[in-house]
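> Can you keep this structure in mind? I'll have questions shortly.
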Amino acid sequence: MPQLLHFPLSHPTQPNLLCAEEQIYFLTPAEYNELTTSGKLEVLEKAAQLDKQEVRQMICTKGEKEIRLLNAERKVLYDLSFTSLAHYRKFIGQMAGMEQVKDGRRKRINPTLVLFLMLLSYAFIWAGTRPTPEDIDPEGIRWQLAAIVVLFMQWLNALIGQQAILAIGLLGIGGILLATFWPEIKGKKVVVYVASDG
């Protein structure tokens with residue numbers, strides 16, 4: 001009998017994955033029970049299976065314990081959802097000939113956008129902490145953009161008040177920090193593997 005490693009999956013009909021040297025088998029509870037009690041390899045011949053050579057790419061999501069298997073045309077062969085991180089890692093190790101090519105396929109916020117939003121939030125905090133924002137003369141400011149910001153803050157102060165402006169600035173800073181570090185907080189990490197022979 002070939003060496004078969006068992007991996008429990010979160011799947012409604014085929015919760016048992018058996019990994020051999022060249023094949024992957026997907027068994028129903030009845031098929032798995034028959035194989036373990038009788039040891040008949042004929043069960044594997046009838047079960048859904050996949051040749052490891054067909055798998056040309058794996059997209060692995062660590063936080064979700066999920067692996068997507070794709071063929072050479074990048075069509076999805078199987079979506080695997082493992083019940084534990086240990087099984088998730090062990091399965092990746094069983095896929096010989098796969099090389100990691102991309103780590104952390106997380107969408108990160110653009111650094112230029114972060115800088116702009118931080119400056120904008122700072123403008124709100126600055127206007128929200130001035131004793132009398134109306135006393136600042138925009139005509140005396142050399143940078144035209146800064147003068148426009150001051151005029152906008154004076155108008156906003158008259159409209160919603162200084163405390164609301166300060167609150168917007170603080171919420172803006174909090175939102176930027178959350179958006180920047182959310183992938184790390186969530187712990188969702190995507191790693192891409194491709195077949196080393198092509």
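The values are calculated or read from the model by the stated rules, or taken from the named source; none is laboratory data. In this text, all values refer to a predicted model and were calculated from it rather than measured experimentally. Glycine also receives a Cβ, built like all others from the backbone with ideal geometry; neighbour counts cover every protein chain displayed.
> Any residue in region 154-166 that is closer than 22 Å to Val114 by Cβ and at pLDDT 80 or above? Step through it out loud before you land on a result.
Quick first cut of region 154-166, residues closer than 22 Å to Val114 by Cβ only: 165-166.
Narrowing the set further to residues that are at pLDDT 80 or above leaves 165-166.
Yes, region 154-166 contains a residue that is closer than 22 Å to Val114 by Cβ and at pLDDT 80 or above.
> Separate question: Among the candidates Gly93, Gly97, which residue alone is in contact with a Ser or Thr (Cβ under 9 Å, 6 or more places away or on another chain) and at pLDDT 80 or above? Spell out how you get there, then give the answer.
Numbers: Gly93 fails: in contact with a Ser or Thr (Cβ under 9 Å, 6 or more places away or on another chain).
Being in contact with a Ser or Thr (Cβ under 9 Å, 6 or more places away or on another chain) and at pLDDT 80 or above holds for just one of Gly93, Gly97, which is Gly97.
> Let me ask you something else. Please work out if Trp143 is among the aromatic types (Phe, Trp, Tyr), surrounded by 10 or more Cβ atoms within 10 Å (Cβ to Cβ) and at pLDDT below 75.
no
> Could you grab me the full set of residues in region 177-198 that are modelled with pLDDT of 80 or more and within 18 Å of the chain's Cα centre (by Cα)?
Leu177, Leu178, Val191, Val192, Tyr193
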